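S.K.: One structure, pasted below without further comment.
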Ligand SMILES: [Cu+2]
């Protein structure tokens, strides 16, 4: 176990997010089915220890709640920022989902004061239709998206894995990453088999539109096996999502 204390509101740490309840908080979906192939206004609430919907959330990474979606085969990643009504009902604009079983993760911090802690709760929904599972791509340490080449290395240290990402374009180091949601990158990693989620941000301090080319994540991907990694970063106002499979021994 890493003995380090994390600043409040960061997402570094153990992969998690597979439970629908934790510390008295509960993720409640308005429906357990989502229609296939078209955008959906998807509704849910988070109830607190007193059983009523939570309406007071601390802002982290510029938003009060982050929602992630992934299908069982680790395809179809979405990272959304739903809107909350006054009664605590959240509505997320889910893009069209392909048939299959999807896991939806809500990442938030109940605004309970000094000891507020980040929670990630999840539930699955079924999208009807004939599922066409996609085999997990073989592990690779680099991938290309929108003309950017992203390489990712896991460097095992004492009990932890340090992840280092490097971004280049046409062979040149990229140094104009822009902050996106207060960070130069958002890394979402899903563990093959159980869909455990690690959502990580680089340790690099944010200083204007000058991020890159190297981003280091003090990550702990504790479970060995294959992880599907989605690295989101922004340049010139455009968001890019690189994805690759990372193997952890
Ligand atoms: Cu993030």
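Rule-based calculations on the coordinates, nothing more; no lab input. Note that the structure is predicted; figures quoted are calculated from it, not measured.
S.K.: When the chain is modelled as a GNM with alpha-carbon springs shorter than 10 Å, which of 178, 61, 22 fluctuates the most?
M.R.: It is 22.
S.K.: Run the numbers on the chain and let me know its relative contact order in percent, using alpha-carbon pairs under 8 Å that are six or more apart.
M.R.: Across the chain, relative contact order equals 20 percent.
S.K.: Just to check, using Stokes-Einstein with a Kirkwood Rh over alpha carbon pairs, what's the diffusion coefficient of the chain at 10 °C and 1.306 mPa s in µm²/s?
M.R.: Once the numbers are plugged in, D ends up at 85 µm²/s.
S.K.: Return the single residue from 21, 72, 31 with maximal mean-square fluctuation; model: Gaussian network over the chain, springs between Cα atoms under 10 Å.
M.R.: Largest GNM mean-square fluctuation: 31.
S.K.: Could you pull the Rg and Dmax for the stretch 142-248, using just the Cα atoms, both in Å?
M.R.: When restricted to Cα atoms, the stretch 142-248 yields Rg and Dmax of 13.2, 38 Å.
S.K.: How big is the stretch 39-119 in terms of Cα radius of gyration and Dmax, in angstroms?
M.R.: Answer for the stretch 39-119, Rg first and Dmax second: 13.5, 42 Å.
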